[in-house]
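Engineer: Pasting in a structure now, in structure tokens, and then I'll have a few things to ask.
The values are calculated or read from the model by the stated rules, or taken from the named source; none is laboratory data. Every value quoted in this text rests on a predicted model; they were computed, and no experiment measured them. Counting neighbours? That spans all protein chains shown, and the Cβs are built from the backbone with ideal geometry, glycine included. Heads up: the accessible areas ignore ligands, DNA and RNA and are worked out on the full protein's heavy atoms, side chains in. Shrake-Rupley method; radii C 1.70, N 1.55, O 1.52, S 1.80 Å.
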Amino acid sequence: MSVAQSEGDVPQVKAPARRNADGTYWSQTRRRFMRSRVGVAGAVVVLVLYLICLILPEFFAPYDPESKNAQYFGGPPQVVRFVDDEGQLSIQPFVYGVARKIDPKTMQRTFAEDRSVHYPIGFFVRGDAYKLFGFIPADIHLFGSADGKGHVNLLGTDRIGRDVLSRMIHGGRLSLSMGLIGVSISLILGAVLGTVAGYFGGVTDNVVMRATEVLMAFPTLPLWMTLAAAVPPDWSPTAVYIGITAILALVAWGTLAREVRGKVLALREEEYVLAGRVMGASHARLIFRHLLPGCFSHIIVVATLAIPSMIIAETALGFLGLGVKPPMISWGVMLNEAQNIRSIAHTPWLLFPAIPVIVSILAFNFLGDGMRDAADPQSEL
Amino acid sequence: MGTMEMVAAADGREQDDILLHIENLKVGFQTTSGFVRAVDGVDLKVRRGRTLAVVGESGCGKSITARSVLGLLPEQNTVMSGSIAFKSRTGEVLDIASLPRRGKRMRSIRGAEIAMIFQEPMTSLTPVFTVGDQILEALRLHTPVRGAQALARAIELLEMVGIPEPESRLKAYPHQMSGGMRQRVMIAMALASNPSLLLADEPTTALDVTVQAQILDLMRGLQDELGMSVVFITHDLGVVAEMAHEVAVIYLGQVVEYASVDDLFERPTHPYTRGLLNSLPRIGATERLVPIAGSVPDPREHRVGCRFADRCASRMAKCDTPPPLIKLPHGQDVRCWLHENEGGTQS
Amino acid sequence: MLSFIFRRVVQMAPLLFLISVVSFVLINLPPGDYLTIKIAELEARGDSGAQFILGQYRERFGLDLPIWQQYWIWISHFVTGDFGRSFEYEREVGTLIWERMGFSVLLSLSTMLFAWLVAIPAGIFAATHQYRLGDNLLSFVAFLGLALPNFLLALLLMYLSVVVFGWSVGGLFSPEYLDAAWSPAKFVDLLKHLWVPVVVIGTAGTAGLMRLMRGNLLDVLRQQYVTTARAKGLPEGKVVYKHALRVAINPLISVAGTMFPAIIAGEVITSVVLNLPTIGPLFLRALQVQDMYLAGAILMFMSLFLMLGNLLADIGLALADPRIKLS
């Protein structure tokens, strides 16, 4: 980690905000990151996901997640078409109407396309009303039935006729934000405790390390499950959300704290920190001005790589029915409905929420890998 | 050998005498930051029973040259050309450079006829096997001795390299030994099959000075005893003076001077060699040490002309064309235009 | 060796104590207790013995005593092998766990075996063919394997087998063998079902192990002693498989210990999806109905299993690597 001082530099006691001919440490890091194609792709995907699911889900989703299509429950995805039965090409995409059929023997309900009805798909159409950012009333959706008469369920509908795509987009708000907030909390906990433990050593170090050991002595998922099961059933959705997020963070901070501690232990012996100490800098100053900046890039990388496991945890808990529960929507809650063989056999499109889960996990992994390589080209962590 | 006639007359005899002849060896590596010409046309001759020292700064290509003799260079992104003629025990002359690196013939030379020891004794032995295992493995590979006989031979080898209590040391793991002891084990292992050539790649660089002296003594003694040839790679001119019969000085992948050890220290001819000698402290000398100006340039840069020109005090216009290796009448070879008119043949 | 193991076990003691405290606190965390629900249920059934049974529970577990005394009663019984009684099933926790333990252990060990058998050769192949097609392909698959949460993998496999191939993959036995006595045919039937959960649980671990194997081997192949082995005249196969592999595989032994949490977690969630007769679904059920002694005992067992795994890994590493001193 030692960086050669450029010639003529006066050795100065400063945390590694190193500057040399090629620019600062950060601009070099950014340049290295931009060179990693998968890393940049990961970043783009993450940003797009957050834009769609976190900032403007109401706009991107064609329907309100709770609005039901009474004509079409448990219905398969509709196919977007440009050419109709007569071979006529239309610029505007459309879907056919649906016809319900009931098998007289099995009483099994099936749907078929009703080719006599065309429902054109329009962009920026009016639909279910919502409040943009929670306070601006609006009713424009990215796409939907152009004339408002038909329904467009591109990914099918669930058991009671709600649009799977819309629910998936809204579910992302929870799934993605919980990962982000959970990591932020465990990051703060882990960074503070890890730094303190590594810096002061002795008893403090011992206590923190024993605590992380106890935490890590439990298998993670069962511990998450036990804690999530302890969330009282009568809590409000918001309280459950905060509770589960806190639980995710509570279990995850240990690993982060150990990482940070290790880094601090190494940095503590570096000359610039020793010099700071010799010059009589206070503990707080040494920690916040010298040590934390030194492991900052490392912390960010570890945190980014921890987000996917949080998303998995949330989804798994929701899937098991121990995390957030309906009427809240998350990818896990949605997948919970696709739990048994029956529903998988009859309504496989309920598995669609698995796709954003996998995509976001991959994107975060690529992003984290790219950042790690950029921040610390030598490490092969 | 003072005159050219004598050299010519000796040529036939000398041919018989040459064990290894490297001609125009070139090795390049394709790296992410460009193509590196690590070795750029090296010629070397190793004679039977003699020690050739190869001297140069780190990164000059001396280790790469030694490794290419055994085909130990990385296979990917490596380009190699030239010839490495080796006179095998059967009397046949092989071009090692053209042998398949993983082939049987190559392996029958590695360790058996040409052995090698390395700079880092601390990491040269596999940590999870005992010293005995590793020596016995070498014996099994290249000699017919087996069982109790092999064990006795292993003990004999350890005794030969001066390891006390060889019986019990056989059962030791490398990490239980000091660096000097490990280097002795490496030497013992290298000698297992009586090789005719030993490549020693800076074998004492990583050792303490006192241990260094012991290892050098040991190697000299063993060479006298076993009559093998040694290629001794080093950056330490003190070691050269002690070990070598002939010396090749390498700068940036090229031999810049080739001489007998006495000639080199008495009449250093190439400006680089002179610079190296001037930067050495001498007992009793009072003049200041003179470092060579500048630093070793990046081997990725492709330069025309003499490679040392930028650091050379006697640079002249002609240095922009690459100088050939000029044979001087008194038996020295030098790659420098300063000696253009003294020399006879150019190669 | 024995003293090494003994010392490690002694070192574990305080940790074990803390784990038991945390477990006990965790399972007492949910508000309301199962007993109240149970009373209502029994009384609704018109069970006259309800109060009597409840009295028995209260007495046995000291439910009227302060929490730390309850803990003491719980843990002192726990160490003698009395894990308490399940309210939900009205059976002893020990027997409930014992019935399912066999399949859980079978599943975990098979998964471990699968992961090693696949990851080691794949890792070696990738390392010896670095940056070539096979290596890139394996790296890509490993990346996917790591990214795919195993319940999703279970769901997807189930979807594929049910919808595309028309097989039934749930459970560990076909219906006709479910209650049959053990026979070679039943064993074959078990194997036919076992591979699905093994693949599901093992994928992430296998991928991680493979990447580690590849990385370690690449590191080792750059080491000086590998060049020494080559310079000796050893054939390339021996250089890789004898010298390099022996060193590169050591860190994986300690990783075997850290794989247990993932396997336990995977076992829980996969068993729920695939409806397997293992500990996992029992644990989930116990948590859902707040069957505290059952949940607590299972949580304790999982942690013990984890520590045992780490201990075994340490012992294995000490045996395999002469550089690690036992003292």
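Engineer: In region C:118-156, which residues are open to solvent by less than 20 Å² (accessible area, probe 1.4 Å) and not in a helix (DSSP H, G or I)?
Structural biologist: C:Pro149
Engineer: How about region C:10-83: which helices (runs of 4 or more DSSP H) wholly inside it have at least 2 residues that are surrounded by fewer than 12 Cβ atoms within 10 Å (Cβ to Cβ) and at pLDDT 75 or above?
Structural biologist: Values: elements: C:34-44, C:50-61, C:67-79.
The helices (runs of 4 or more DSSP H) meeting that bar are C:67-79.
Engineer: Same structure, new question: Do any residues in region C:303-320 that are more than 15 Å from A:Leu215 (Cα to Cα) and β-branched (Val, Ile, Thr) have Cβ atoms under 9 Å from those of residues that are at pLDDT below 85 and open to solvent by 60 Å² or more (accessible area, probe 1.4 Å), where the two are at least six apart or on different chains, and which pairs are they?
Structural biologist: Sorted first by the residue in region C:303-320, then by its partner, the pairs are C:Ile315/C:Met1.
Engineer: Would you mind finding the one in A:Ala313, A:Ala306, A:Ala284, A:Ala345 that is at pLDDT 80 or above and open to solvent by 10 Å² or more (accessible area, probe 1.4 Å)?
Structural biologist: Just one listed residue meets the conditions, A:Ala306.
Engineer: Would you mention how many residues in region A:12-63 are more than 28 Å from A:Ile361 (Cα to Cα) and either assigned by TED's automatic domain parsing to the domain that holds A:Arg277 or modelled with pLDDT of 75 or more (or both)?
Structural biologist: Total satisfying the criteria: 0.
Engineer: What number of residues in region A:314-344 are more than 9 Å from chain C (Cβ to nearest Cβ) and of a type in the set (A, V, I, L, M)?
Structural biologist: Selection size over region A:314-344: 6.
Engineer: Within region B:124-189, considering only helices (runs of 4 or more DSSP H) that don't extend past its boundaries, which have at least 2 residues that are among the small types (Gly, Ala, Ser) and at pLDDT 90 or above?
Structural biologist: Passing ranges, in order: B:131-142, B:147-160.
Engineer: Let me ask something else about it. Output yes when any residue across region C:222-231 is crowded, with 20+ Cβ neighbours inside 10 Å and either touching a residue at least 60 places away in the same chain (Cβ under 8 Å) or under 27 Å from A:Leu223 (Cβ atoms) (or both), and no when none is.
Structural biologist: No, region C:222-231 contains no residue that is crowded, with 20+ Cβ neighbours inside 10 Å and either touching a residue at least 60 places away in the same chain (Cβ under 8 Å) or under 27 Å from A:Leu223 (Cβ atoms) (or both).
Engineer: Another question, then. Restricting to region C:240-264, give me the number of residues that are at the interface with chain A (Cβ under 9 Å from one of its Cβ atoms) and modelled with pLDDT of 80 or more. Even if it seems obvious, please write down each step before you answer.
Structural biologist: The initial filter retains those residues of region C:240-264 that are at the interface with chain A (Cβ under 9 Å from one of its Cβ atoms), namely C:260-264.
Those still in the list that are modelled with pLDDT of 80 or more too: C:263-264.
The qualifying residues number 2.
Engineer: Out of region C:179-220, which residues are aliphatic (A, V, I, L, M), within 14 Å of another protein chain (Cβ to nearest Cβ) and open to solvent by 30 Å² or more (accessible area, probe 1.4 Å)?
Structural biologist: C:Ala204, C:Leu212
Engineer: Scanning for something in contact with a helix residue (DSSP H, G or I) (Cβ under 6 Å, 6 or more places away or on another chain), of a type in the set (A, V, I, L, M, F, W, C) and free of Cβ contacts under 8 Å to residues at least 60 places away in the same chain, does region A:363-379 turn up at least one residue?
Structural biologist: No: zero hits.
Engineer: Which residue, of A:Trp235, A:Trp253, is at pLDDT 80 or above and part of a helix (DSSP H, G or I)?
Structural biologist: Sole residue among the options that is at pLDDT 80 or above and part of a helix (DSSP H, G or I): A:Trp253.
Engineer: Within the set of pairs 6+ apart or on separate chains, which have a first residue in region C:14-31 that is within 17 Å of C:Met307 (Cβ to Cβ) and more than 7 Å from every other protein chain (Cβ to nearest Cβ), a second that is surrounded by 15 or more Cβ atoms within 10 Å (Cβ to Cβ) and among the small types (Gly, Ala, Ser), and C-beta atoms under 6 Å apart?
Structural biologist: Listed by first residue and then by second, the contacts come to C:Ser23/C:Gly296.
Engineer: Same structure, new question: Of the conditions (1) open to solvent by less than 30 Å² (accessible area, probe 1.4 Å); (2) under 17 Å from the mean Cα position of the chain (by Cα); (3) more than 15 Å from B:Leu199 (Cβ to Cβ), B:Asp43 satisfies every one except a single condition; which number is it?
Structural biologist: (1)
Engineer: If you scan region C:264-295, which residues turn out to be touching a Lys or Arg at 6+ places or on another chain (Cβ under 7 Å), in a helix (DSSP H, G or I) and open to solvent by less than 10 Å² (accessible area, probe 1.4 Å)?
Structural biologist: C:Leu282, C:Tyr293 - these are the residues of region C:264-295 that are touching a Lys or Arg at 6+ places or on another chain (Cβ under 7 Å), in a helix (DSSP H, G or I) and open to solvent by less than 10 Å² (accessible area, probe 1.4 Å).
Engineer: Every residue in region A:84-123 that is surrounded by fewer than 11 Cβ atoms within 10 Å (Cβ to Cβ) and either outside the structural domain of A:Ile140 (by TED's automatic domain parsing) or hydrophobic (A, V, I, L, M, F, W, C) (or both), please.
Structural biologist: Hits for region A:84-123 are A:Leu89, A:Ile91, A:Ile102, A:Met107.
Engineer: Of the conditions (1) within 14 Å of another protein chain (Cβ to nearest Cβ); (2) more than 20 Å from the chain's Cα centre (by Cα); (3) touching a residue at least 40 places away in the same chain (Cβ under 8 Å); (4) open to solvent by less than 10 Å² (accessible area, probe 1.4 Å), A:Met225 clears all except one; give me its number.
Structural biologist: (2)
Engineer: Just one of (1) farther than 26 Å from C:Trp72 by Cβ; (2) open to solvent by 40 Å² or more (accessible area, probe 1.4 Å); (3) at the interface with another protein chain (Cβ under 8 Å from one of its Cβ atoms) trips up C:Asn310, so point out which.
Structural biologist: (3)
Engineer: Is it the case that B:Met116 is in a loop (DSSP other than H, G, I, E, B) and within 14 Å of another protein chain (Cβ to nearest Cβ)?
Structural biologist: So B:Met116 fails the test.
Engineer: Considering region B:74-109 alone, what residues qualify as being closer than 21 Å to B:Asp201 by Cβ and open to solvent by less than 10 Å² (accessible area, probe 1.4 Å)?
Structural biologist: Matches in region B:74-109: B:Ile84, B:Phe86, B:Ile96, B:Met106, B:Ile109.
Engineer: Residues of region B:133-147 being touching a residue at least 40 places away in the same chain (Cβ under 8 Å) and more than 7 Å from chain C (Cβ to nearest Cβ), which ones?
Structural biologist: Of all residues in region B:133-147, those touching a residue at least 40 places away in the same chain (Cβ under 8 Å) come to B:134-135, B:138-139, B:141-143.
Across region B:133-147, the qualifying residues are B:Gln134, B:Ile135, B:Leu139, B:Thr143.
Engineer: On the given criteria, is A:Gly144 open to solvent by less than 30 Å² (accessible area, probe 1.4 Å), in a helix (DSSP H, G or I) and under 20 Å from A:Leu51 (Cα atoms)?
Structural biologist: No.
Engineer: Between A:Val207, A:Val203, A:Val273, A:Val196, which is open to solvent by less than 10 Å² (accessible area, probe 1.4 Å), more than 22 Å from C:Ala265 (Cβ to Cβ) and not small (Gly, Ala, Ser)?
Structural biologist: A:Val273
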